[in-house]
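In what follows, a structure is listed as structure tokens, so that the remarks can point back to it.
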Amino acid sequence: MRVDIVSIFPEYFAPLDLSLIGKARANGTLRLAVHDLRTWTHDVHRTVDDTPYGGGPGMVMRPEPWGEALDALAPPEVHPPRLLVPAPTGARFTQAMAHELAAEPHLLFACGRYEGIDQRVLDHAATRMPVTEVSLGDYVLFGGEVAVLVIMEAVTRLLPGVLGNVSSLDEESHAHGLLEAPMYTKPATWRGLDVPEVLRSGDHGRIARWRRDEALTRTADRRPDMLASLDPATLDKRDLAA
Ligand SMILES: CN1CCN(Cc2ccc(Cn3ccc4ccc(-c5n[nH]c(N)c5C#N)cc43)cc2)CC1
């Protein structure tokens, strides 16, 4: 997978050199390049923003630098990338979207700042590539960079070979619509607190049942919305008794 990120704060993406994402870049699974939007400015002040038409607070990112950046990174003669624009107005980013994006050959992220990017940049890009505005959730950030870090982590871990133990992908909560059961490791007793006996019983049937019950209880307590959208077909009679 090829990924290009355009931002006025390219240094924000230093964490993408680390850990499993760093390894994916080193072995060629992920080809990632970060670009400074100011590369495509031509004035002495390298200006990327201006006042909003119609008035209002703050500044808006000018279209010209963005247009040149997208032209350079998504030239018309090459298969177009999927353009992802983090924004408070975007569609909520979900695990399902992460799977969708992990199947794309080329992602291009446009990180806005200030009050956002001139709408014409997205409208013009949409004439020659798929454009998706995406939001992490209903809270306000300074810009799109944090969203790109989150999306890059969620997508990269789905790429073939990145996660050593593939089964951890299969058992993921958001893959089965429930929150995960509590996890424990050695020692068996720590500060007077014991690991649940069932997890040390070796009885895999009991362990699976206990984990399922814990997952259902946690989901009902913390994320009733997830329970409401659970496919009833995935619940068995023991779940309903839990
Ligand atoms: C008068 N009102 C008019 C509406 N604005 C709304 C507004 C506009 C921009 C910004 C700052 N910003 C700039 C680019 C950018 C990208 C993503 C996000 C973002 N925030 N939250 C998420 N989940 C995000 C994601 N993903 C924020 C961004 C903040 C708030 C406020 C003032």
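The values are calculated or read from the model by the stated rules, or taken from the named source; none is laboratory data. As the structure is a prediction and not an experimental result, all values here were calculated from the model. Cβ placement follows ideal geometry from the backbone for every residue including glycine, while neighbour counts extend to all protein chains displayed.
Within the stretch 204-224, does at least one residue satisfy the condition of being of a type in the set (Gly, Ala, Ser), exposed (fewer than 14 other Cβ atoms within 10 Å of the Cβ), at pLDDT 95 or above and not assigned by TED's automatic domain parsing to the domain that holds Ala96? Yes, some residue in the stretch 204-224 is of a type in the set (Gly, Ala, Ser), exposed (fewer than 14 other Cβ atoms within 10 Å of the Cβ), at pLDDT 95 or above and not assigned by TED's automatic domain parsing to the domain that holds Ala96.
The residue that is farthest from the ligand (Cβ to nearest atom), among those in the stretch 39-87 that are loosely packed, with under 15 Cβ neighbours inside 10 Å and of a type in the set (Gly, Ala, Ser), is Ala72.
Residues in the stretch 115-126 include none that are in contact (Cβ under 8 Å) with a residue 60 or more places away in the chain, near the ligand (Cβ under 9 Å from one of its atoms) and within 11 Å of the chain's Cα centre (by Cα).
Of all residue pairs spaced 6 or more apart or on separate chains, those with beta-carbon atoms under 8 Å, a first member in the stretch 137-160 that is within 14 Å of the ligand (Cβ to nearest atom) and a second member that is modelled with pLDDT of 95 or more and basic (Lys, Arg) are Gly137/Arg92; Phe142/Arg113; Gly143/Arg113; Gly144/Arg113.
Number of residues in the stretch 6-26 that are touching a Leu at 6+ places or on another chain (Cβ under 7 Å) and either within 22 Å of Pro75 (Cβ to Cβ) or outside any helix (DSSP H, G or I) (or both) equals 3.
Restricting the stretch 88-114 to residues that are closer than 15 Å to Ile5 by Cα and within 11 Å of the ligand (Cβ to nearest atom) leaves a set whose member that is farthest from the chain's Cα centre (by Cα) is Arg113.
Per-residue answers, yes or no, for (1) of a type outside the set (S, T, N, Q); (2) more than 26 Å from Arg128 (Cα to Cα); (3) more than 26 Å from the chain's Cα centre (by Cα):
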position: Pro15; (1), (2), (3): yes, yes, no
position: Ile21; (1), (2), (3): yes, yes, no
position: Arg31; (1), (2), (3): yes, no, no
position: Leu37; (1), (2), (3): yes, no, no
position: Asp43; (1), (2), (3): yes, yes, yes
position: Gly55; (1), (2), (3): yes, yes, yes
position: Gly58; (1), (2), (3): yes, yes, yes
position: Pro65; (1), (2), (3): yes, no, no
position: Arg82; (1), (2), (3): yes, no, no
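Scanning the stretch 22-45 for residues that are touching a helix residue (DSSP H, G or I) at 6+ places or on another chain (Cβ under 7 Å) and of a type in the set (A, V, I, L, M) turns up Ala24, Leu30, Leu32, Val34, Leu37.
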